[in-house]
Amino acid sequence: PRSDFVISSKVGRYGQTEFDFSSKRILSSIDESCKRLNVDYLVIVFCHDIEFGDINVVLNESIPTLQKLKESGKVRAIGVSGYPLSIFDSVSNSSSIPLDVILSYCHLNLQDPSLLDKIPEWTSKHQVGMIPASPLSMD
């Protein structure tokens, strides 16, 4: 059954240098993803690589748009992803809308275990789930 699968998607980054965190683009992106995946809803949607966008747009347009999608049932959980760990502090401390999950990449591996220091703070203070991605780093 569909409920046995966690299907997630990302919004905001649409190419190597193409970023659009506007509400209009997020709404069309979610519809496009659901159509391609042949599903009615997504379990998790991330604003992806938020450090490349305007943080004010992410806070005041992107996250509220995702929250409305969550309230409508089209999305079950919302989050952000990015590389610099400091961006998560900024969003978590500045957003009036709580995030469900943070995806951080390349910061939990043998070369860089720095995410270990942040996980307790984010999971307890902000009640947010963590997804450590790219455990083998990236080229």
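The values are calculated or read from the model by the stated rules, or taken from the named source; none is laboratory data. What you see is a predicted model, and the numbers here were worked out from it, not measured in a lab. Here Cβ is always computed from backbone atoms with ideal geometry, including for glycine, and neighbour counts include all displayed protein chains. When the accessible area is computed, the model is the full protein with side chains, heavy atoms only, and any ligands, DNA or RNA have been set aside. Shrake-Rupley method; radii C 1.70, N 1.55, O 1.52, S 1.80 Å.
Worth a mention:
- Condition met for Tyr105 (of a type outside the set (Gly, Ala, Ser) and either within 18 Å of Met138 (Cβ to Cβ) or in contact with a Ser or Thr (Cβ under 7 Å, 6 or more places away or on another chain) (or both)): yes
- Scanning the stretch 1-38 for residues that are of a type in the set (Val, Ile, Thr) and over 16 Å from Val57 (Cα atoms) yields Val6, Ile7, Thr17, Ile30.
- Cβ pairs under 6 Å, 6+ apart, first in the stretch 69-88 and at pLDDT below 95, second part of a strand (DSSP E or B): Phe88/Ile102
- For the stretch 106-125, the set of residues classified as open to solvent by less than 40 Å² (accessible area, probe 1.4 Å) and either within 22 Å of Leu42 (Cβ to Cβ) or part of a helix (DSSP H, G or I) (or both) consists of Leu115, Trp122, listed by residue number.
- The numbered conditions (1) within 21 Å of Ile7 (Cα to Cα); (2) basic (Lys, Arg); (3) over 14 Å from the mean Cα position of the chain (by Cα) are all true for Lys125 except (1).
- Looking across the stretch 106-138, the residues that are of a type in the set (S, T, N, Q) and more than 20 Å from Ala77 (Cβ to Cβ) come down to Asn109, Gln111, Ser114, Ser134, Ser137.
- Residues located in the stretch 81-139, provided they are hydrophobic (A, V, I, L, M, F, W, C), under 16 Å from Val58 (Cβ atoms) and in contact with a Phe, Trp or Tyr (Cβ under 7 Å, 6 or more places away or on another chain): Phe88, Ile102, Leu103, Val128
- Within the stretch 24-42, the only residue that satisfies the criterion of being touching a Ser or Thr at 6+ places or on another chain (Cβ under 6 Å) and within 19 Å of Gly82 (Cα to Cα) is Ile26.
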